[in-house]
Amino acid sequence: MIREKFDLSEKTALVVGGRGFLGQRFSAALSEFGADVYSADLPVSSAAAKKDTSQTASLSVKQRIVDVTNPESAQALIEGILTETASIDVLVYSVTAKPKDFYAPFTECSLEGWQKILRTELDGLFLISQQVGRVMELAKGGSMIFLASIYGIVGNDQRIYEGANLAKLYGDIEGESPKRIYSHAGYAAAKGAIISLTRFLAAYWGEQNIRVNCISPGGVAHPGENEAFVKRYSERVPLGCKAAPDAISSAVIYLASDAASYVTGHNLIVDGGFTTW
């Protein structure tokens, strides 16, 4: 009986940010559990996804293009999907942006970069959840899953980034990586807002059986990260390591499925204990 609750074979899922490092895995996992999966994103994969050779895209996932910051594009995406399927049962929003100064010290970050992060993380989530919410209201049910972060819960320990190669790995910068990088304040601000919006929408849509939850991952292992950074980060984690990408995908499957039918307004922290210290 419990195993059957994880079956997604009669559900349609939309993964926004589906070309990303995690989004590709979420799409593949949802498909593996039987869902009819649409992946929506910009035409070009993220820098982290392009440099990841460990992931193979699922051929059964239908790819769509969307600019989440554009209302017309968001509307066209949902309307296009509804010409092919009757409903959208699961929404996963896993989108972020990394402006050129994403890893710069706070006092050197531009307003343009700050706004780019907030437009993508929050304006996009607002537009997409509105569109999908209307569909789920008609169906009297559904599951929305937003990707937040541990940095929406706790302050960043900037010391762990010393000597990290993340700027080159995720930012597509040329030349030598900076000796010292910083995590962007806009990212933390957006992720904290996503957690709050999750609670708001869970309460707003509860009577219509639309569940809204978010996931706050800790650092996720990427094959291109340098050893010094991985060691320094892992020392901050009670379990002693970064998360395997499938650990986050497993949380998505749970929240998407009927196994989580009584879970809403929840921030599922998947961080190996990082936020317990």
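Just so it is clear, none of the values below were taken in a lab; they were calculated from the coordinates. From a predicted model like this one, the values you see are computed outputs, not experimental measurements. Cβ sites come from the backbone with ideal geometry, for glycine too, and all protein chains shown count toward neighbours.
Observations, loosely collected:
- For the chain, the membrane-span-like helices by this rule, meaning whole DSSP H stretches whose C-alpha atoms cover at least 20 Å of axis and whose Kyte-Doolittle mean is -1.0 or above, are 124-139, 185-205; this says nothing about an actual membrane.
- The local environment of Val90, defined by Cβ-Cβ distances under 12 Å, has a net charge of -2 under the rule Lys, Arg +1 and Asp, Glu -1.
- Based on the reciprocal of the average 1/r between different C-alpha atoms, the Kirkwood radius for the chain equals 19.0 Å.
- The convex hull around the C-alpha trace of the range 138-238, projected and averaged over every direction, spans 8.4 square nanometres.
- A simple count of charges around Asp7, restricted to other residues whose Cβ falls under 15 Å of its Cβ and scoring Lys, Arg +1 and Asp, Glu -1, yields -3.
- From phi via Karplus (6.51, -1.76, 1.60), per-residue ³J(HN,Hα) for the range 88-97 in Hz, x at Gly/Pro: 10, 8, 9, 10, 10, 10, 9, 10, 9, 9
- Beta bridges assigned by DSSP with both partners in the range 3-272 are antiparallel in approximately 5 percent of cases.
- For the range 105-167, the extents of the C-alpha atoms along the principal axes are 50, 24, 20 Å, listed from largest to smallest.
- Highest mean packing comes first when the peptides 252-263, 135-146, 211-222, 151-162 are listed by Cβ atoms within 10 Å, giving 211-222, 135-146, 252-263, 151-162.
- Nearby lysines by direct alpha-carbon distance to Lys242 (threshold 16 angstrom, same-chain neighbours under 8 apart not counted): Lys231
- Contact order normalised by residue count of the chain, Cα under 8 Å, 6+ apart, percent: 20
- Spatial separation of Cα centroids for the range 112-149 and the range 207-277, in angstrom: 19
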